[in-house]
Amino acid sequence: MDKNQEDFISNLKFYRKQKGLSQEKLAELCNISTSTIGCIESAHQNPSFELILTISEKLNIHPADLFLRDASKAQNRDLYSKYHELITNCEHLPEYQQKTVSQLAQSLADAEPAYKASRKN
């Protein structure tokens, strides 16, 4: 297994678990068999491009998130988790308020590296 495949599998497992989904539930959402997800996560099968798009849609992530490996991504997982939790907790709000919360959270996420840098000085 090469590094790219390891990264893909690690990211797939991370985002699946981040959403609180079992392999069975993700398979159901993607309209595929549970064994297909299991085979992908154990490196016995490579997903098609169409399946990658479907999985990323069901996980509500950009398809590229399944392939990224840079250090900043690992550092931002905690921030992403908090952002996702905030958005999930606001699902009962009217759409315009959800959009406002999402924009605020995105602004905070964008400012995070600058904040950390300013604290070091």
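The values are calculated or read from the model by the stated rules, or taken from the named source; none is laboratory data. These numbers were taken from a predicted model, which means no experiment stands behind them. Please note: Cβ atoms are built from the backbone with ideal geometry, for glycine as well, and neighbour counts cover all protein chains shown. Protein only, heavy atoms only, side chains kept; ligands, DNA and RNA dropped before computing areas. Shrake-Rupley method; radii C 1.70, N 1.55, O 1.52, S 1.80 Å.
What nm distance separates the two modelled labels at residue 33 and residue 101, each placed 7 Å from Cα along Cα→Cβ?
Here the answer is 4.0 nm between the modelled labels.
Of all the accessible heavy-atom surface of segment 7-67, with the other protein chains kept in place and a 1.4 Å probe, what percent is carbon and sulfur?
Values: 1580 of 3150 Å².
Roughly 50 percent of what the probe reaches on segment 7-67 is carbon or sulfur.
Taking θ as phi - 60°, what are the ³J(HN,Hα) couplings along segment 53-58 by the Karplus curve (6.51, -1.76, 1.60), each to the nearest whole Hz, with x for Gly and Pro?
Taking θ as phi minus 60°, the curve returns 5, 5, 4, 5, 5, 5 Hz for segment 53-58.
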